[in-house]
Amino acid sequence: MTRSLASPLRALGSPTSRYIARRLVWMVFLLLVVSLVAFLIFYALPSGDPAAQRAGKGADEAQIERVRHMLYLDRPLYEQYFHYIKQVVLHFDFGFSYSNNADVADQLTSRLPATISLALGAAVIWLVVGVAIGILSALRPRSLFDRIAMGGALLGISAPVYWLALVVLALLSQSYGVIHLIPNTGSYKPLTQDPGAWFTSLLVPWIILSLSFAAIYARLMRANLLETLDQDFVRTAEAKGLSRRRVVMRHAVRAAITPIVTAFGLDLGILLGGAVLTESVFNIPGIGRLSYDAIQDSNLPVIQGTVLFAAFFIIIANILVDIVYAVIDPRVRLA
Amino acid sequence: MTEPLLDVRDLRTAIPTEDGDVHAVNGVSFTVEPGKVLGVVGESGSGKSVTMLTLMGLTRRAGAQVSGEVLFGGRDLVTASDRELQRIRGNEIAMIFQDPLSSLHPFYRVGAQITEGIRAHRDVTKKQARARAIELLGLVGIPKPEQRVDDYPHEFSGGMRQRVMIAMALANDPKLLIADEPTTALDVTVQAQILALLERLQQELGMAVVMITHDLGVVAEIADDIVVMYAGRVVEQAPVEQLFRQPRHPYTWGLLRSIPRLDLPRDVDLVPIEGRPPSLIHLTGRCSFQPRCPYVGGCCGEQDPTLDAVAGNEQHRVRCDMPEERRARVWDALSAGRSPSEAAAAVGITSAEEDAA
Amino acid sequence: MEWTVRRLVAIGAAGSLALGITACGSDDSSSNGSSGSGGGVSIETANKISGPAQVESGKFYKAVPTADQQKGGTLKASSAEGFQHLDPGTAYFQGDYIVTSIVHRQLYTYDPADSSKVLPDLATGPAEVSPDGKTVTVKIRDNVKFGPPVNRTVTSDDVKYGIERGLAASVANGYFASYFGDIIGADKAKGGKIKGIETPDKTTIVFKLKAPSGATLSKALVLPLSSPFPREYAEPKDKKTPNPFDQDPTLQAATGPYMIKSYSAGRSLTLVRNPAWNGKASGDPRPAYVDQIDVAIGGDSSVNAREIQNTKGTISLDPAPSDGVARYVKQAPQQITFSALGNRYIALNTKKKPFDDLNVRKAAAAILDRSAMRKQRGGPLVGEIATHFLFPGSPGFDEAGGENGTGADFLASANGNLELAKSYLKKAGFKDGMYKGPKVVFVGDTESPGRETTQVAKNSLAKIGIQVEVKSVKHITMYQKFCQVVKAMESVDGCPNFGWLPDFVDAYPMIAPVLTDKGIQPINMNNPSLFSDPKINAEVEKGGRTADEAQRNQILGQADKDITAQVPAIPWLWDTQSSIQGPGVHGVIATWNSIWDLAYTSLTK
Ligand SMILES: Nc1ncnc2c1ncn2[C@@H]1O[C@H](COP(=O)(O)OP(=O)(O)OP(=O)(O)O)[C@@H](O)[C@H]1O
Ligand SMILES: [Mg+2]
């Protein structure tokens, strides 16, 4: 009756893999629903007429109709939708952008590495910094460190990313900062192409993007740990004569970190859908800016593509969170 | 007389809270002899747990202010360093707690939790520690211990979990085991099993035990001596048969009247006496039981009474100003089945209300 | 060119990205900074602009070509907005024109120093318009070559095909109907041959029109649609959707000084010299100084503007953001230049109560605080307060009254004139000069600054009792679901965020599509006033058919006056656009496009 949750890989054919398979099927269904909803919202809400928009303001009706036909917009709604889904499923073809004819799948996949770089880097920073500060604060509640850290966290949570980015640039920008420290925006290079430029161009965006998250995580970690430190099992660990460090790290933190895992998974999932402001200010060619522009332009194919990508990441993050949860907490069963 | 294993002298603990310092322990003294069982009774909030946690140094993290002495094996645990205390905890003094459901870490296998305690104090291999853990699980009566050692706490019932806790406590052959209401959270049949187990282990292993409980009935069976606590103080202290034969403190009387009997519902035992315990934040400096005492009329002094030996019996101590002769008459009346007010009237004490009127 | 949706959306986007700082008063600071006497550069706070006039006076950078410009180097350009369509058949946006105009040679081009001067580019001389206005003949050069992969000499048929493909579904040119629609056979064509475009020989192209609109057509031959496209190479590709030349513009066979080496939508564009181009030898007047142009797309226009200010050899292809304008004016006046762009007005629905009454319209115009509206957009730096529709620099502007206005008393005060407004309302039958009718509905923007300017208009009209209910929608929705749809206008009284840019340097495209019956069609129309005055319609049409420049401007200037007197819309701003460059760049403005002309721009040592 031993179980091997700690190693999902060993569990092929086990409840775990059946669970994952079921969740993946469910994901496909959810993605269909999401795409349908995005599709319907696009048509339900008054926004632009893509055909007229593409045809140009002087265009006559004949021209608009030609464009409408070209964009597949003259078919009944259900037909448009099925056509879209069919193209996505059979050919991984997400259509082309109304505003510049770019291939949406290309745009998404070529922008994904930047978004992943930005999100993952920031995530590592905020997780490490947030959790560390949260632990230190919880171990010395109401101490000077705690007060400064939590005060700082409040600031971090409320500081708008855009503003923060502008301030940091004004201080450190190579071209116009007080100290010429960080490279001009738009200097992002893919990791595979130029690791140095990749790192230097992303370092400040990482820090800025991670700041508010780090603040939230520090507060979350502190609150959880304070609560956990009062738990009976922590007292048991102390009564066993374990070292303070072991009591805190192995017993209290281990238990206090589970809600962080949930939050982390979801936050990362959402961020993989794109970080609009950070991407814009630092001109990192990621998915966030793409989706923002698409919404501004009523650019359905790009909206659909980015929404699907974002939904995909969020759902995957959810599944991973559940699996990680089951690994962390043996009471949780994947079912 | 042999040297006591544990000698607690005038222990005081104040825990800082937002509302002010909670004076949870206000000068507690008692001793535990090697191999003996000390029962500590008292209603909820009387400071039993805080006393025990304090002597193990477990109130330090909450910032408790502690004074007095706790002499154990020649050391004063109040002034001992964190390091020293760490070496003693779980090794020479072990403790088990009220709620076995929450006292085990939910994420670790029970075997790991036991071996962790062993390896914290003994330089043994993982394998040896594991073997010891299996042995201990067997000792506390867990069937198929070599399989269960790899289970998680949630896979055990409440009673089994308390057995695991006991196994964990016994891991390093402690000289003293503090059991803080080990059965309160369990149902009745399981309670009896756990008590029987503790009794058996105490006899087999010859360790001293401090058994904390609300329930005088529990200690009657296994304790050698009894300490009765109220509002952070010891109000009466005596060898077990003396306490039951001739209890001397009005609070103890109340407790004794509440020993569960088959004809009464089980939950009446927890409030033996009407009224609530006093606030431990603002101490009055008078007898803390006075506001609830049915026999208060006339005899109480302005000062808090001291814990004094009963005339002719060094081992029996009581903290009450009531004259000895009146005390005997009240207990006789109560033993005869009279209610406290009837007993008070019988010895000529007017009730508190009449007094006030 | 119209206020393209994309362009305004992009400005809106920049605005909302900048929300954080807008809240901290960045927009205010730009208007304050500019209306005050910032850093020794005094800006007139009167109703005059600071733009071209002060550019002339040398306070700001004068972006004209000089003789000492130098060849060579790589220009780094940035574009936060990015490009839409780089196919010259589809391009209909200021930013796209920057590229199409240097990759392709159109039949005609403008002298960058004087946009009233049309120069033959692919053509050898001026277009000949027949006396009846129904035939336009153009001779083209016989020594212009397509760049790779076509590498052959351009013929008249390539120009013909370039225009014909404008009607292909995958190209879908946006202005074809407005200026090329009268070509015989155009109404039936869908990308195939158009009968009315004849090519009697390899260097002659003749447009046969069903109406006498040749004069206007000949002026429209500066548009990118007149770029040659090699038929045999392009025709198969044009059948695909989306159009390969637009999706991957590196496929285009260039005739201009540059060709597109690489393009990644939303990320980057690289232009290099076109090996087939030989400049003056084939009659191209453009110097094409720089060897290469790297355009970085995306980012934040505010941050880009700051970086460019201090980065050598850079230039911005975006209109400068308002906070950037204020800073350049103070810190780098020799890196910013202003050029006239178009107009902005509040369109009033002339087919519906209460604005069907001329006197009510005059009252509304009289009370409108146009100065406060301009303040919301950024103050004097964004342009002059308008008194009629043709803007400074547009042909016909002087003829319409120029800076002094048309003489209309209701547009005399920039801040609004209550007494005058009341007097018009009295004439309209409201006894005490206060309007007493149902509320009027305006369709306004949810985005800045349209949102704020609408609010100002609402407050102004309230002073004479006209209560405005503002229906706030996204800018693009305002156009496409309301103000451009005749049916929707049945329940709308005004469109406060309308504006117009000319498609080419001429008065006709500033007036005909927006203030005559030409601008009214069921959807996608551009005349939300639904204004159609038979006399004026005829007048504008007559102007459009007049080939003689002076006469044409006289007629259209007069039409502007006549329209202004009818107040189908209240003009409130003559936009100027500000363009910025970094140190070490000699930028030259294409005045017809109100933004840099990269074929004249050079790096300095
Ligand atoms: N960490 C703490 N912070 C503040 N007050 C505390 C703390 N721990 C205990 N107390 C208070 O100290 C007093 C004594 O508590 P203690 O837990 O010792 O009582 P007890 O006799 O063990 O009661 P029970 O039978 O309910 O276990 C109570 O008033 C309790 O509220
Ligand atoms: Mg307790």
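The values are calculated or read from the model by the stated rules, or taken from the named source; none is laboratory data. Since this is a predicted model, take the numbers as computed values, not measurements. Methodologically, a virtual Cβ is constructed for each residue, glycine included, from the backbone with ideal geometry; neighbour enumeration extends over all protein chains shown. All accessible areas refer to the heavy atoms of the entire protein, side chains included, with ligands and DNA or RNA removed. Shrake-Rupley method; radii C 1.70, N 1.55, O 1.52, S 1.80 Å.
Here are a few things to note about the model shown:
- In the range B:20-58, the residue that is surrounded by the most Cβ atoms within 10 Å (Cβ to Cβ) out of those that are within 14 Å of another protein chain (Cβ to nearest Cβ) and more than 7 Å from ligand 1 (Cβ to nearest atom) is B:Leu55.
- Output for the range A:207-263, where each listed residue is without any contact (Cβ under 8 Å) to a residue 60 or more places away in the chain and not in a helix (DSSP H, G or I): A:Asp230, A:Gln231, A:Lys240, A:Gly241, A:Leu242, A:Ser243
- Per the listing A:Gly274, A:Gly265, the residue uniquely surrounded by 24 or more Cβ atoms within 10 Å (Cβ to Cβ) and of a type outside the set (A, V, I, L, M, F, W, C) is A:Gly274.
- Flag for B:Arg61 being out of contact with any helix residue (DSSP H, G or I) (no Cβ under 8 Å at 6 or more places or on another chain), farther than 24 Å from B:Ala171 by Cα and more than 16 Å from ligand 2 (Cβ to nearest atom): no
- A count restricted to the range C:221-265 and to residues that are within 12 Å of chain A (Cβ to nearest Cβ) and either touching a Ser or Thr at 6+ places or on another chain (Cβ under 8 Å) or open to solvent by 30 Å² or more (accessible area, probe 1.4 Å) (or both) stands at 12.
Matching residues to (1) within 14 Å of another protein chain (Cβ to nearest Cβ); (2) in a helix (DSSP H, G or I); (3) buried (at least 24 other Cβ atoms within 10 Å of the Cβ); (4) charged (D, E, K, R):
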residue: C:Ala305; (1), (2), (3), (4): yes, yes, yes, no
residue: C:Ile308; (1), (2), (3), (4): yes, yes, yes, no
residue: C:Gly324; (1), (2), (3), (4): yes, yes, yes, no
residue: C:Thr337; (1), (2), (3), (4): no, no, yes, no
residue: C:Arg344; (1), (2), (3), (4): no, no, yes, yes
residue: C:Thr350; (1), (2), (3), (4): no, no, no, no
residue: C:Asp356; (1), (2), (3), (4): no, no, no, yes
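- Residues that are within 16 Å of ligand 1 (Cβ to nearest atom) and either part of a strand (DSSP E or B) or touching a residue at least 40 places away in the same chain (Cβ under 8 Å) (or both) within the range B:166-196 comprise B:Ile178, B:Ala179, B:Asp180, B:Glu181, B:Pro182, B:Thr184, B:Ala185, B:Leu186, listed in sequence order.
- In the range B:197-211, the residue that is farthest from ligand 2 (Cβ to nearest atom) out of those that are touching a residue at least 60 places away in the same chain (Cβ under 8 Å) and more than 14 Å from every other protein chain (Cβ to nearest Cβ) is B:Gly206.
- Of the numbered criteria (1) aliphatic (A, V, I, L, M); (2) within 12 Å of chain A (Cβ to nearest Cβ); (3) buried (at least 21 other Cβ atoms within 10 Å of the Cβ), the one B:Leu186 fails is (2).
- Selection within the range C:160-182 - of a type in the set (Val, Ile, Thr) and at pLDDT 95 or above: C:Ile163
- Residues in the range B:9-30 include none that are within 22 Å of B:Leu170 (Cβ to Cβ) and either within 16 Å of ligand 2 (Cβ to nearest atom) or touching a residue at least 24 places away in the same chain (Cβ under 8 Å) (or both).
- Verdict on B:Ala223 being within 16 Å of ligand 2 (Cβ to nearest atom), surrounded by 21 or more Cβ atoms within 10 Å (Cβ to Cβ), in contact (Cβ under 8 Å) with a residue 60 or more places away in the chain and assigned by TED's automatic domain parsing to the domain that holds B:Pro34: no
- Scanning the range A:118-175 for residues that are within 14 Å of chain C (Cβ to nearest Cβ), more than 23 Å from A:Thr262 (Cβ to Cβ) and open to solvent by less than 10 Å² (accessible area, probe 1.4 Å) yields A:Tyr162, A:Ala165, A:Leu169, A:Ser173.
- Candidate set from the range B:126-159 (those that are over 25 Å from B:Arg87 (Cβ atoms) and open to solvent by 50 Å² or more (accessible area, probe 1.4 Å)); member that is nearest to the other protein chains (Cβ to nearest Cβ): B:His154
- Search result, residues across the range B:99-115 that are at the interface with chain A (Cβ under 8 Å from one of its Cβ atoms), within 16 Å of ligand 1 (Cβ to nearest atom) and buried (at least 20 other Cβ atoms within 10 Å of the Cβ): B:Ser103
- Residues in the range B:31-46 that are under 23 Å from B:Glu92 (Cα atoms) and within 16 Å of ligand 2 (Cβ to nearest atom): B:Leu38, B:Gly39, B:Val40.
- Complete set of residues in the range B:65-79 that are without any contact (Cβ under 8 Å) to a residue 60 or more places away in the chain and either within 15 Å of ligand 2 (Cβ to nearest atom) or away from chain A (no Cβ under 14 Å) (or both): B:Gln65, B:Val66, B:Ser67, B:Gly74, B:Arg75, B:Asp76, B:Thr79
Residue-by-condition table, conditions (1) over 30 Å from A:Thr109 (Cα atoms); (2) in the same structural domain as A:Leu164 (by TED's automatic domain parsing); (3) of a type in the set (D, E, K, R):
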site: A:Glu238; (1), (2), (3): yes, yes, yes
site: A:Arg244; (1), (2), (3): yes, yes, yes
site: A:Val247; (1), (2), (3): yes, yes, no
site: A:Thr262; (1), (2), (3): no, yes, no
site: A:Gly265; (1), (2), (3): no, yes, no
site: A:Leu271; (1), (2), (3): no, yes, no
site: A:Leu277; (1), (2), (3): no, yes, no
site: A:Ser291; (1), (2), (3): no, yes, no
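- If you check B:Arg75, B:Arg61, B:Arg119 for being within 16 Å of ligand 1 (Cβ to nearest atom) and open to solvent by 40 Å² or more (accessible area, probe 1.4 Å), only one passes: B:Arg61.
- Among all residues of the range A:319-330, there is at least one that is touching a residue at least 40 places away in the same chain (Cβ under 8 Å), more than 20 Å from B:Pro106 (Cβ to Cβ) and assigned by TED's automatic domain parsing to the domain that holds A:Leu226.
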